[in-house]
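Only one structure is covered here, and it is reproduced in the block below.
The values are calculated or read from the model by the stated rules, or taken from the named source; none is laboratory data. None of the values given here were measured: they were computed from a predicted structure. Using ideal geometry, Cβ is built from the backbone for each residue, glycine included, and neighbour counts are taken over all protein chains shown. For accessibility, only protein heavy atoms count, side chains too; no ligands or nucleic acids. Shrake-Rupley method; radii C 1.70, N 1.55, O 1.52, S 1.80 Å.
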Amino acid sequence: MVNSNNGIKIEFSKYFKACYLLVLSIIFTACQSDTDDTPTPPEVPIDGFWSIAEKGWIFEFKDGNDIFYNTNTAGCAIQNDDFVLQDFFGFDFDVINENELIASSDLSDSEIKFVRLPNQNPDCLPEQVASTNDPQINFDHFWNIFNDYYAFFEARNIDWSQYENLRDQVTTTNFYDTLETLALLLEDGHVSIEDDENSIQIESGNPKLFERLNANLSGDLFLEDIDDFVDLGNQKIITIVTNYLGGDFEIDERENIIWGAVNEVGYINILSMEGYGTSFNDEIANLNVLLDRIMNDLNNSGISKLIIDIRFNNGGFDTVALDMVSRFINQEQVSYFKKARLGTGFTENRSFSVAPKGDFQFTNDIVLLTSPFTISAAELFTLCLKDLSYVTIVGENTNGAFSTILEHALPNGATVGLSNEIYSDAQGAIFEVVGIGPDNQEDLIPFLSTLDFQEEKDSGIERALEILNN
């Protein structure tokens, strides 16, 4: 099934945004596409102002100077004054009529509708605010961005209204300390504040994540920062590929998936839900070439039992996760629902189905390994597989942050990320905050534990083998 890669050096390094990205340091030469991947521009003139209400976004399209605005109750800020529509996450655009523009992409599970605003001048925008570092103006925007668009105050037991009067106490000196205090209240892995100019990076979910990761660690193994996690994660990967795969495994050219066999049981470690292409436009095509290769290996090897490991996976694109799901189901099925915060209510709760892909789908016994580090699109993968009769979850509950990150800008240029979408399973159950984990207590296995590192073993894999070989 796999080729020998003995002697390979493995490193665990970080990509830091909502969480971090695991990579393996094998040197590959990335192939660059020779084709023109520029998304298709609209064929009908679209000059004017267009809105995506549930995101609080307004776009001004005019020859040579398109502008991307963010709006909230406090006013309007400019996110990008040199916006290029065709660079918008690889979307293709269709003009439905003079008042409706539809954007679609292989990397989005749903279309985005732009609605033309009636006035063809800036009067259609809320009160505009020029770039400013005034701490109270910026606080007003921050508080109102969350008040207008955040979807989980109730789920996270937060009374946001009680913090509005903090604006009277905000100064230039304590501005980011105040925002950090509010962000950390949410304990949300998809809430962040970033100001590159002032070297500010605030991640709302990190304290809770580290609390969970440290629950079974002690002494020198206790995690103090991201670098500690990087080092410990690398050590765990080395244990897996050495002691369980015997150094005999495959890894794709972009270092996103490791696969091999533990005795007669297949093992697939999906490290990321992004980074399979050279651009937005070939991400899905490249992914499916890789998935064909992996599934052919499984089929040709006669593997009848499988471990899928997403404990190191910090998410990426939902459609990447869904294409992976499609290789482990044998019939089309409604897999989840999604709606977005809109005013005091929500958009339509839409259903999303996944159908089988490829020549071979693996639908025998599967153990899915999860952890607190499993977040976002990796949680969507879990959501879609959890109710299949042949799938057993082992490990710990996932992070509990499913929403695509909505990004807004403050008038001082800082960016704010937040959760404004609610995902639910096919039965309507919501797993935001709590995450998805094992059904049985005996399958609740820590991702990181002092005992595992002392004994150079992986208790999650041990439990998976016990279930599959029973």
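A few comments on the model shown:
- For the chain, lysine pairs with C-alpha atoms less than 23 angstrom apart, excluding pairs fewer than eight positions apart on the same chain, total 23.
- Relative to the dominant Cα principal axis of the chain, helix 175-186 is inclined by about 50°.
- A 1.4 Å probe, protein heavy atoms only, puts the accessible area of Thr71 near 20 Å².
- Phe93 accessible area, 1.4 Å probe, all protein chains in place, Å² to nearest 10: 10
- The alpha-carbon atoms of the chain, seen along their principal axes, cover 68, 52, 44 angstrom, with the largest extent given first.
- Accessible surface for segment 278-408, divided over its residues, is 34 Å² per residue with a 1.4 Å probe.
- The overall shape of segment 210-291, judged from the alpha-carbon gyration tensor, is oblate: a/c is not under 1.5, and a/b is no greater than b/c.
- Mean Cα-pair separation over length for the chain, i.e. relative contact order, pairs under 8 Å, 6 or more apart, %: 17
- Size of charge dipole - the chain - debye, nearest 20, with Cβ of Lys, Arg +1 and Asp, Glu -1, no other charges: 1000
- Among the GluC sites (Glu not before Pro) in segment 150-235, those located in a DSSP loop and surrounded by at most 12 other Cβ atoms within 10 Å of their own Cβ are Glu154, Glu224.
- Annotation note: GluC sites (Glu not before Pro) in segment 404-470 located in DSSP loop regions with a Cβ neighbour count of at most 13 within 10 Å are Glu456.
- Estimated Rh, segment 91-147: Kirkwood, alpha-carbon pairs, angstrom: 14.5
- Rounded to the nearest 10 degrees, the inclination of helix 135-149 to the longest alpha-carbon principal axis of the chain is 60 degrees.
- Per-residue ³J(HN,Hα) for segment 421-427, Karplus 6.51 cos²θ - 1.76 cosθ + 1.60, θ = phi - 60°, Hz, x for Gly and Pro: 10, 10, 9, 9, 7, 5, 9
- Vicinal HN-Hα couplings computed from phi for segment 432-448 (Karplus, 6.51 cos²θ - 1.76 cosθ + 1.60; Hz; Gly/Pro x): 4, 6, 7, x, 10, x, x, 7, 10, 4, 5, 9, 7, 10, x, 5, 10
- Counting charges near Asn99 (Lys, Arg +1; Asp, Glu -1) among other residues having Cβ under 12 Å from its Cβ returns a value of 0.
- The relative contact order of segment 91-230 comes to 11 percent, based on Cα pairs under 8 Å that sit 6 or more residues apart.
- Per-atom-type breakdown for segment 151-239 gives carbon and sulfur 41% of the accessible area (1.4 Å probe, protein chains only).
- Relative contact order (%) - criterion: Cα under 8 Å, at least six apart; region: segment 338-470: 25
- Cα-centred dipole magnitude for segment 319-378, charges only on beta-carbon of K, R (+1) and D, E (-1), debye, nearest 20: 320
- Net charge of Cβ neighbours under 12 Å - reference Leu383; Lys, Arg +1; Asp, Glu -1: -3
- Taking the Cα centre of segment 351-470 as origin and assigning +1 to Lys and Arg Cβ atoms and -1 to Asp and Glu Cβ atoms, the resulting dipole is close to 380 debye.
- Cα long-axis angle, helix 226-239 against the chain (0 to 90 degrees, to the nearest 10): 30
- Given charges at Cβ of Lys, Arg, Asp, Glu: segment 366-470 dipole, positive-most of Ala409, Ile393, Phe373: Ala409
- Taking Cβ atoms as reference points and 13 Å as the exclusive limit, the residues near Lys305 contribute a net charge of -3, counting Lys and Arg as +1 and Asp and Glu as -1.
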